[in-house]
Structure formats: structure tokens, C-alpha cells
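Taking it in order: structure first as C-alpha cells, then the write-up.
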Amino acid sequence: MRHFTSAYDVPDLPKLLDAALAFKKQPRFRENLGQGRTLGMVFLNPSTRTRISTQIAARNLGMETIVFNASSDGWSLEFGDADVVMNGASVEHIREAARVFGEYFDVLAVRSFPNLQNRDEDFSEKILKQFIEHAGIPVVSLESATLHPLQSFADLLTIKELHLEKRPPRIALTWAPHLKPLPQCVANSFAQWILAWGGAELTIACPPGHELDKKFTAGAKITHDQNAALAGADFVYVKNWSATEPYGQLICDDQNWLLDPEKLAKTNRAKVMHCLPVRRNLELSSAILDSPDAVVVQQAGNRVWAAQAVLAEILKFDT
Ligand code: CP
């Protein structure tokens with residue numbers, strides 16, 4: 001695997017899941033694999049879990065990490081065409097910056113959220129693609145304009161650990177209220193990974209205007225009826241995302257979508273998932289977050305093993 005930007009970069013998903021589980025049992029068993037290698041982590045947006053878990057994963061493989069908060073520490077970057085006249089706020093073009101990162105690092109990891117203003121631009125993954133094009137080294141997405149693959153891989157790992165029955169798990173991905181328009185990445189990515197894995201039944205519940213793009217959800221059931229999605233579910237993934245029509249807007253503040261214990265009672269004693277950070281009693285009720293039904297911390301813990309398996313796969317292939 002050269003780059004890691006989506007489920008479809010992974011040549012053998014079951015094998016990668018096994019590798020992550022092996023690292024969870026024995027974190028340091030490949031501690032020399034990354035020796036002498038440096039992971040550069042470039043953040044255009046904030047992060048807690050992704051940053052720390054990926055740093056721990058790299059350390060477990062013997063890699064050094066350098067974190068660069070580009071939005072606050074560095075020169076402001078330009079992502080326009082090569083012939084753009086840079087007479088505005090941006091100081092350095094990605095064509096130079098990414099090539100410089102390629103000189104300094106062996107693997108580059110990048111977080112670049114969508115702007116939620118222009119759907120075509122976000123869906124083109126313009127920023128991540130420019131890092132890949134110009135850096136000349138393997139690139140790992142730490143969440144891009146449309147996807148959050150390290151999160152989804154950790155989510156899948158968590159489901160695999162918890163679902164011990166032979167039948168496929170029934171999973172509900174449900175929209176939740178929020179006060180800000182958020183990216184669609186986590187929801188897109190979760191659907192993509194569950195469907196690429198192929199071992200589950202996935203239903204996505206959302207208010208009208210929030211239907212995710214079929215390129216991520218083809219194969220899932222889509223409904224506007226949250227109760228129908230919850231009925232009999234083994235896992236409920238709770239997440240807000242901004243409207244898809246009109247793109248990136250905040251169009252629904254219906255608090256009836258908040259998952260509470262009464263609604264959870266309709267499920268098959270489902271485990272409740274969220275990528276974090278979560279706004280208590282806006283997106284998800286405290287009564288659930290503080291109960292054994294919530295597996296959000298296990299998900300966050302699994303971010304380390306997911307990142308470690310991905311980095312190990314890239315190091316084996318490329319360096
Ligand atoms: N879930 C997740 O990506 O968390 P951070 O934004 O804190 O990295």
C-alpha cells in the first residue's frame with residue numbers, strides 16, 4: 001500500500017484488521033520497522049485523537065514524528081492552479097511546500113477538512129491530492145474533505161472485537177443534531193468501510209436533505225425513519241453531518257433525533273458508537289455516554305492499532 005486515503009487503498013482488509021489486532025496484543029513487536037524513518041504530520045485543522053494515536057502508533061514502530069500545525073505555525077498555503085497570481089493572503093504554494101515536506105519526511109500524514117462551500121471542490125479532494133502529487137512520498141489521510149479512513153478502520157476493528165455472534169451485525173448509522181454545519185467525512189467513511197468489509201447489514205437514518213452520496217453508501221438501506229433503523233440494531237453509530245442538499249448547510253435542528261435510553265431500548269442491546277469529540281445532550285445523551293452501552297473510548301483507543309497497522313503496511317511496501 002503506497003497511500004492511505006480510503007478503504008479502497010487497502011489491498012487486503014481482513015489482513016489489515018488482523019494486523020491491527022496483533023498490534024493491540026503486542027504493541028512493540030515490529031519496533032524496528034520504522035527505525036530511521038520520520039513521519040511528518042501536517043494539520044490544517046485541529047485534532048486530539050488522530051494526532052496522539054498516530055504519534056503513538058509511529059513510536060511503536062520505531063519512527064520519529066514531527067507535527068506541523070500548518071494553520072497556526074506555518075506560512076499560509078495556496079492550493080490554486082500553478083499559474084495563480086498569489087497577491088492575496090496565502091504566502092506559499094502547495095507545489096513548493098509539499099515538495100519540501102517530501103525532502104524532510106519518509107511518510108507524510110495530512111488533515112485537511114472540507115470548506116463546505118463548494119461541493120465539487122470538496123469531492124475532488126483537491127488539497128489531499130495536491131499533497132500526494134507533489135510530496136513524492138507515501139501520504140496518509142488524517143481526515144480529508146470527504147473521508148476519515150483511520151477513524152473508520154478503528155470503528156470496524158471495534159465492531160469486530162464486540163460482535164461475537166456468527167451472523168452479520170446489524171448496524172444503524174444515525175444522524176444527530178448539532179449547532180454547527182459539520183463535515184460529512186465520518187459518516188461517508190464509516191459507510192464506505194462497512195460496505196467494503198461486506199460483513200454487516202447497514203441502515204443509514206437521516207432527516208431529508210442529509211442523504212449521503214451514493215458513491216459511499218451504495219449497498220446500505222437509507223431511511224428518514226430513525227426508529228426503523230434502530231429496530232434490532234446491534235450497533236448504533238451516532239454522528240451529525242451537514243446537509244447534502246443544500247450542500248454544507250445547517251438545515252435541521254430537530255432534537256427528536258437525539259439518541260436517548262428510550263430509543264436505545266428499541267435496539268438489540270446495541271453498543272453505541274461516536275468518533276468523538278461529542279457534544280453531550282446535543283448529539284448524544286449523557287445517560288448513554290455514561291453507560292456501558294457506549295463504546296466511544298474503546299473506539300478512540302483502537303485508533304492507535306489502526307494507525308499502526310496502516311503505517312506498518314506502508315513501511316513494508318515503500319521504504
Ligand atoms: N475522531 C477524531 O478524529 O478525533 P480528533 O478530531 O480529535 O482527531
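Within the group Ile132, Ile137, Ile171, which residue is of a type outside the set (Asp, Glu), more than 30 Å from Gly102 (Cα to Cα) and more than 16 Å from the ligand (Cβ to nearest atom)?
Values: Ile132 fails: more than 30 Å from Gly102 (Cα to Cα); Ile137 fails: more than 30 Å from Gly102 (Cα to Cα).
Answer to the selection: Ile171.
Does Arg111 qualify as being in contact with an Asp or Glu (Cβ under 8 Å, 6 or more places away or on another chain) and surrounded by 17 or more Cβ atoms within 10 Å (Cβ to Cβ)? Talk me through it step by step, then tell me what you get.
Values: in contact with an Asp or Glu (Cβ under 8 Å, 6 or more places away or on another chain): yes; surrounded by 17 or more Cβ atoms within 10 Å (Cβ to Cβ): yes.
Yes, satisfied.
When you go through (1) more than 26 Å from Pro183 (Cα to Cα); (2) open to solvent by 70 Å² or more (accessible area, probe 1.4 Å) one by one for Gly102, which number turns out not to apply?
(2)
Among the residues that make up the range 57-72, is at least one of them under 14 Å from Trp305 (Cα atoms), in a helix (DSSP H, G or I) and within 16 Å of the ligand (Cβ to nearest atom)? Working first, answer last.
Just the residues of the range 57-72 that are under 14 Å from Trp305 (Cα atoms), to begin with: 57-61.
Next cut, in a helix (DSSP H, G or I) only: 57-60.
Checking the rest, the ones that are also within 16 Å of the ligand (Cβ to nearest atom) come to 57-58.
Yes - at least one qualifying residue is present in the range 57-72.
Output the number of the condition that Ile52 fails; it satisfies all remaining conditions of (1) under 13 Å from Ala312 (Cα atoms); (2) of a type outside the set (Gly, Ala, Ser); (3) in a helix (DSSP H, G or I); (4) within 16 Å of the ligand (Cβ to nearest atom).
All conditions are met except number (1).
Looking at the range 275-296, which of its residues are without any contact (Cβ under 8 Å) to a residue 40 or more places away in the chain, within 18 Å of His163 (Cβ to Cβ) and within 16 Å of the ligand (Cβ to nearest atom)?
Ala294, Val296
Among the residues of the range 241-277, how many are in a loop (DSSP other than H, G, I, E, B) and within 11 Å of Pro177 (Cα to Cα)? Break it down into steps so the answer makes sense when it comes.
Of the residues in the range 241-277, the ones in a loop (DSSP other than H, G, I, E, B) are 241-243, 245-246, 248-254, 258, 260, 265-270, 274-277.
Now restrict to residues that are within 11 Å of Pro177 (Cα to Cα): 241-242, 250-254, 258.
The qualifying residues number 8.
Do you know which of the residues in the range 29-59 that are open to solvent by less than 20 Å² (accessible area, probe 1.4 Å) and in contact with a Gly (Cβ under 7 Å, 6 or more places away or on another chain) is farthest from Glu92 (Cα to Cα)?
Among them, the one singled out is Gly34.
Could you count how many residues in the range 203-228 are more than 21 Å from Glu125 (Cβ to Cβ) and either of a type in the set (Ser, Thr, Tyr) or open to solvent by 10 Å² or more (accessible area, probe 1.4 Å) (or both)?
Total satisfying the criteria: 13.
Of the residues Lys180, Lys166, only one is within 15 Å of the ligand (Cβ to nearest atom), open to solvent by 30 Å² or more (accessible area, probe 1.4 Å), more than 17 Å from the chain's Cα centre (by Cα) and of a type outside the set (A, V, I, L, M); which?
When all the criteria are applied, what remains is Lys180.
The values are calculated or read from the model by the stated rules, or taken from the named source; none is laboratory data. Worth saying up front: this structure is predicted, and the values here are computed from it rather than measured. As a convention, Cβ positions derive from the backbone with ideal geometry for all residues, glycine included, and neighbour counts pool all protein chains shown. Only protein heavy atoms, including side chains, enter the accessible area calculation; ligands, DNA and RNA are left aside. Shrake-Rupley method; radii C 1.70, N 1.55, O 1.52, S 1.80 Å.
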